[in-house]
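**Student:** The structure under discussion is supplied below as structure tokens; questions concerning it will follow.
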Amino acid sequence: MRGLIGKRVLVSGGSSGIGLAAARRFLDEGCRVFVSGLDPAEVQAAVTALHPFGDITGQAFDVSHEPDVSALVTAAVDALGGIDVLANNAGIAWREPFLEITPEHFDRMLAVNLRGMFLVAQAVGRHMVDRGGGVIVNMSSTNGIAGEEDYAHYNASKGGVLLLGKTMAVELGRHGIRVNTLCPGYIRTPLNASIAGAMSDGDFESDYIANRIPLGRAGLAEEVAAAYAFLASDDAAFVHGAELVVDGGQLAVM
Ligand SMILES: NC(=O)c1ccc[n+]([C@@H]2O[C@H](COP(=O)([O-])OP(=O)(O)OC[C@H]3O[C@@H](n4cnc5c(N)ncnc54)[C@H](O)[C@@H]3O)[C@@H](O)[C@H]2O)c1
């Protein structure tokens with residue numbers, strides 16, 4: 001990808017799954033990377049695992065906790081000397097029928113997936129305005145576009161991320177900050193493994209894939225990482241305020 005060598009990249013939720021693959025991809029593209037995540041041991045393991053591939057540092061912070069977000073951005077700026085690219089990736093998910101969702105569960109989902117994404121984007125956005133530009137890629141989902149059953153709180157959070165991103169694009173473009181949104185479908189990660197593992201109705205993943213995904217397989221974290229790299233690169237220099245769907249055709253199914 002053009003224009004990525006030497007870029008300083010913050011990957012939130014970079015200690016697992018898609019974020020971990022994105023961190024590796026950015027290192028392979030010649031970037032310097034700071035990863036964050038909720039669990040300190042997982043973040044340390046990610047830094048150790050990625051160390052052979054380039055300049056990687058990291059620290060654990062909770063994106064739903066405002067003081068943590070300030071500390072996260074300060075730590076990343078200190079480690080990298082500035083942030084050129086934000087992969088705003090941290091998120092949680094679990095399945096729950098709409099009629100059973102408690103207000104507390106709804107609040108928790110929104111606190112991490114929408115409010116947390118807003119807090120990180122705003123703090124990094126302010127930094128990028130000061131330094132004269134940058135690229136932000138927010139993580140939504142196909143669930144931000146269509147209403148999958150048993151995910152009302154998750155779908156609402158990811159739908160919010162889509163419009164958060166469009167509004168950021170409208171307001172931040174004039175500051176030289178490009179903002180886009182990723183919408184992956186079913187990707188094989190620890191997050192989905194835990195959801196599938198919690199299902200008791202047969203082989204959840206193979207049924208899901210057979211019924212819903214025209215390419216006939218789950219996506220790989222590396223395939224979403226490639227989309228992160230594209231949107232962050234100069235190859236996407238005129239892509240702004242858009243959502244990129246990476247779903248094996250799932251949203252094409254009627
Ligand atoms: N796996 C999929 O099929 C899929 C599809 C569409 C979108 N997504 C989105 O991609 C992102 C990554 O998902 P994944 O599947 O790689 O999950 P994962 O569970 O493997 O990784 C999630 C990451 O987010 C971090 N995180 C969670 N809560 C946090 C918090 N409060 N503060 C800071 N960090 C926190 C974790 O530490 C971890 O690094 C999420 O936003 C998810 O909603 C995933």
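All of the numbers you see were taken from the coordinates with simple rules; none came from a lab. Values in this document were obtained by computation on a predicted structure and should not be read as measured data. No Cβ is skipped: glycine too gets one built from the backbone with ideal geometry, and neighbour counts run over all protein chains shown.
**Student:** Considering the options Gln122, Thr102, Asn138, tell which one lies farthest towards the positive end of the dipole of region 100-153, charges being +1 on Lys and Arg and -1 on Asp and Glu at the Cβ, about the Cα centre.
**Tutor:** My answer, from the dipole projection, is Gln122.
**Student:** Between Thr74 and Ala41, take the C-beta separation as r, use R0 = 30 Å, and let me know the FRET efficiency to the nearest 0.05.
**Tutor:** So, using R0 = 30 Å, E works out to roughly 0.85.
**Student:** Going by average Cβ density within 10 Å per residue, which order do the peptides 235-248, 24-37 take, highest to lowest?
**Tutor:** In decreasing order of mean packing, 235-248, 24-37 become 24-37, 235-248.
**Student:** Okay, moving on. Can you give the FRET efficiency to the nearest 0.05 for Thr102 and Val170, using r as the Cβ-Cβ distance and R₀ = 35 Å?
**Tutor:** FRET efficiency, Thr102 to Val170: 0.50.
**Student:** Length gain on complete extension for the stretch Ala226 to Glu149, per 0.36 nm per residue less the alpha carbon to alpha carbon distance?
**Tutor:** The span from Ala226 to Glu149 would gain 24.9 nm if fully extended.
**Student:** Then there's this: About its Cα centre, what dipole magnitude does the chain give when the only charges are +1 on Lys and Arg Cβ and -1 on Asp and Glu Cβ, stated in debye to the nearest 20?
**Tutor:** Once rounded to the nearest 20, the dipole reads 880 debye.
**Student:** Next up: How large is the charge dipole for region 103-254, taken about the Cα centre, if only the Cβ atoms of Lys, Arg (+1) and Asp, Glu (-1) carry charge, to the nearest 20 debye?
**Tutor:** Taking the Cα centre of region 103-254 as origin, the dipole is about 660 debye.
**Student:** Right, something else. List Leu163, Leu99, Leu110 from most exposed to least, where exposure is judged by having the fewest other Cβ atoms within 10 Å.
**Tutor:** The most exposed by this proxy come first: Leu99, Leu163, Leu110.
**Student:** Now for a different question. In deg cm²/dmol, rounded to 500, what helix-only [θ] at 222 nm does the chain give when every DSSP H run of at least 4 residues adds -39500 (n - 2.57) and the total is split over its residues?
**Tutor:** -13500 deg cm²/dmol
**Student:** Give, in nm to one decimal, the length gained when the segment between Ala252 and Asp235 is fully stretched (0.36 nm per residue of separation minus the Cα-Cα distance).
**Tutor:** 3.6 nm
**Student:** Give the residue list of trypsin sites (Lys or Arg not before Pro) in region 75-156 that are DSSP loop and have at most 13 other beta-carbon atoms within 10 angstrom.
**Tutor:** none
**Student:** Of Leu162, Val179, Val77, which is farthest along the charge dipole of region 45-201 in the positive direction, counting Lys and Arg as +1 and Asp and Glu as -1 at C-beta?
**Tutor:** Going by the Cα projections, it comes out as Val179.
**Student:** Using +1 at the Cβ of each Lys and Arg and -1 at the Cβ of each Asp and Glu in the chain, identify which of Gln59, Ala232, Pro214 lies farthest towards the dipole's positive end.
**Tutor:** Ala232
**Student:** Additional query: Highest mean first, how do 136-146, 79-89 rank when packing is the count of other Cβ atoms within 10 Å averaged over residues?
**Tutor:** Per-residue mean Cβ counts within 10 Å order the peptides as 136-146, 79-89.
**Student:** Using a/c under 1.5 as the rounded threshold, could you call region 192-246 rounded, prolate or oblate? The axes a ≥ b ≥ c are square roots of the C-alpha gyration tensor eigenvalues, and prolate needs a/b larger than b/c, oblate otherwise.
**Tutor:** Judged from the Cα gyration tensor, region 192-246 comes out prolate (a/c at least 1.5, a/b above b/c).
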